[in-house]
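Here the structure comes first, spelled out in structure tokens, and everything after it is commentary.
The values are calculated or read from the model by the stated rules, or taken from the named source; none is laboratory data. These numbers come from a predicted model, not from an experiment. Using ideal geometry, Cβ is built from the backbone for each residue, glycine included, and neighbour counts are taken over all protein chains shown.
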Amino acid sequence: MTKKELASDLLEKLEKFLSEADFGQSPQELYEPLTYILSLGGKRIRPVLSLLSYGMYKSDVETILPQAAAVEVFHNFTLMHDDIMDEAPIRRGKPTVHEKWNDNIAILSGDVMLVRAYDLLLNSPSDKLKQIIRDFNQTAAEVCEGQQFDMNFESRDTVSDAEYLDMIRLKTAVLLGFALKLGAVLADADQEDIDRLYAFGVNIGVGFQLKDDLLDVFADQSKFGKQVGGDIISNKKTYLLIKALELAEGQNAEELNQWLAKKEFDKEEKVAAVTKIYYSLGIKELTEEKMNGYFDKAFESLGEITFKNQEFFDALEGVARKLVHRER
């Protein structure tokens with residue numbers, strides 16, 4: 001089986017598990033949104049990472065489908081609540097839960113998703129359960145901290161690049177790290193490998209978000225799948241904007257601040273003007289350098305792991321390389 005086929009096979013098993021799982025039936029308004037958001041799909045990167053991490057050490061990968069599913073259920077819980085806070089109308093091309101039902105139902109259904117994630121983690125062996133729950137709790141709290149920092153940044157005039165990188169580490173990267181750590185813990189991996197896999201996931205996660213920031217401005221529209229320049233239109237404090245505000249002088253600084261202050265504008269004109277400023281300041285190259293630094297650190301950690309199953313290691317590396325080279 002090729003590494004692509006292995007990852008696809010695990011994804012198929014995970015999808016089957018999620019579709020057959022009984023998360024609850026009544027009241028319908030509580031549980032239907034839960035199954036709805038899970039049915040919208042997505043890449044399922046996090047649970048697949050858990051399964052691949054486990055498979056590098058043990059062969060009975062299907063035994064940890066509940067724990068891997070817990071990671072995906074938790075991730076979708078965060079998406080459901082994020083959509084409410086962002087007032088987002090669309091998720092994966094379909095109406096968000098709060099749009100399809102209402103805010104109160106989305107809040108409560110999200111809450112029960114978190115409870116069901118704990119239920120799935122309870123399938124873990126008793127000698128590992130305390131560590132897994134402790135690690136999960138820390139990760140869940142950090143994801144919330146990252147979201148709050150992100151919201152705080154919206155009302156701040158200045159944000160440092162160090163603050164931004166820490167925010168995306170918390171909001172995005174630590175869950176990737178936990179997913180890999182979870183599989184390794186369940187597979188009785190050495191502590192050194194557990195730590196390396198966690199570091200690999202966190203660094204890939206930060207690089208992944210920087211790549212997302214980069215693609216939002218410089219992606220090929222035909223491949224990106226959403227509007228290029230959305231972050232520019234909304235004045236979102238990404239790494240690119242933060243570095244531009246730090247480096248811009250004279251005409252560039254004046255023009256950039258004018259665009260940030262405008263309440264009414266032509267979207268295409270603003271995207272073109274700010275992108276031109278980014279080019280003149282070398283923002284694309286600076287972001288790529290920072291992003292590649294995180295990717296390099298990630299693969300350095302991965303290269304130090306002492307695994308038992310080459311097939312699963314190759315598949316894990318393949319999934320990571322796909323994240324690095326994605327165009328949307």
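Under the condition of being of a type in the set (S, T, N, Q) and part of a helix (DSSP H, G or I), which residue from segment 26-54 is farthest from ASN104 (Cα to Cα)? Explain how you work it out, then say what you get.
So the first thing to find is which residues in segment 26-54 are of a type in the set (S, T, N, Q), and the list is 26, 28, 35, 39, 50, 53.
When the remaining residues are screened for being part of a helix (DSSP H, G or I), the result is 28, 35, 39, 50, 53.
Details: GLN28: 14, THR35: 17, SER39: 21, SER50: 32, SER53: 37 Å.
Top of the filtered list is SER53.
Output yes when any residue across segment 165-180 is at pLDDT 95 or above, buried (at least 23 other Cβ atoms within 10 Å of the Cβ), not aromatic (Phe, Trp, Tyr) and not in a helix (DSSP H, G or I), and no when none is. For segment 165-180, residues at pLDDT 95 or above, buried (at least 23 other Cβ atoms within 10 Å of the Cβ), not aromatic (Phe, Trp, Tyr) and not in a helix (DSSP H, G or I): absent. The C-beta contact set for segment 255-277 (first residue free of Cβ contacts under 8 Å to residues at least 40 places away in the same chain, second residue in a loop (DSSP other than H, G, I, E, B), distance under 6 angstrom, 6+ apart or interchain) comprises LEU256/ALA248; LEU260/ASN235. When segment 4-62 is limited to residues that are of a type in the set (S, T, N, Q) and under 20 Å from ASN102 (Cβ atoms), the one that is nearest to the chain's Cα centre (by Cα) turns out to be SER39. Within segment 305-328, take every residue that is among the basic types (Lys, Arg) and in a loop (DSSP other than H, G, I, E, B) and give me the one that is modelled with the highest pLDDT. Looking at the filtered set, the residue picked out is LYS308. For segment 238-261, a residue qualifies if it is among the acidic types (Asp, Glu) and in a helix (DSSP H, G or I), and the qualifying residues are GLU246, GLU254, GLU255. The single condition among (1) surrounded by fewer than 20 Cβ atoms within 10 Å (Cβ to Cβ); (2) modelled with pLDDT under 95; (3) assigned to a helix (DSSP H, G or I) that VAL112 does not satisfy is (2). Yes or no: MET151 under 19 Å from the mean Cα position of the chain (by Cα), under 18 Å from GLU72 (Cα atoms) and in a helix (DSSP H, G or I)? Judged against the criteria, MET151 is not a match.
As for segment 8-22, it holds no residue that is modelled with pLDDT of 95 or more, out of contact with any strand residue (DSSP E or B) (no Cβ under 6 Å at 6 or more places or on another chain) and within 17 Å of ILE107 (Cα to Cα).
In segment 59-109, what residues are surrounded by fewer than 16 Cβ atoms within 10 Å (Cβ to Cβ), modelled with pLDDT of 95 or more and among the β-branched types (Val, Ile, Thr)? Once the filter is applied, which keeps residues that are surrounded by fewer than 16 Cβ atoms within 10 Å (Cβ to Cβ), modelled with pLDDT of 95 or more and among the β-branched types (Val, Ile, Thr), segment 59-109 yields THR63, ILE107.
Condition check ((1) closer than 30 Å to LYS243 by Cα; (2) touching a Cys at 6+ places or on another chain (Cβ under 8 Å); (3) of a type in the set (A, V, I, L, M)) across all residues:
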| site | (1), (2), (3) |
| --- | --- |
| MET80 | no, no, yes |
| CYS144 | yes, no, no |
| ASN152 | yes, no, no |
| ALA162 | yes, no, yes |
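Scanning segment 55-92 for residues that are within 19 Å of ILE107 (Cβ to Cβ), among the hydrophobic types (A, V, I, L, M, F, W, C) and touching a residue at least 60 places away in the same chain (Cβ under 8 Å) yields PHE74, MET85. All conditions in (1) within 16 Å of PHE17 (Cα to Cα); (2) within 21 Å of the chain's Cα centre (by Cα); (3) at pLDDT 95 or above hold for CYS144, with the sole exception of (1). For segment 274-294, residues that are among the aromatic types (Phe, Trp, Tyr) and buried (at least 21 other Cβ atoms within 10 Å of the Cβ) total 2.
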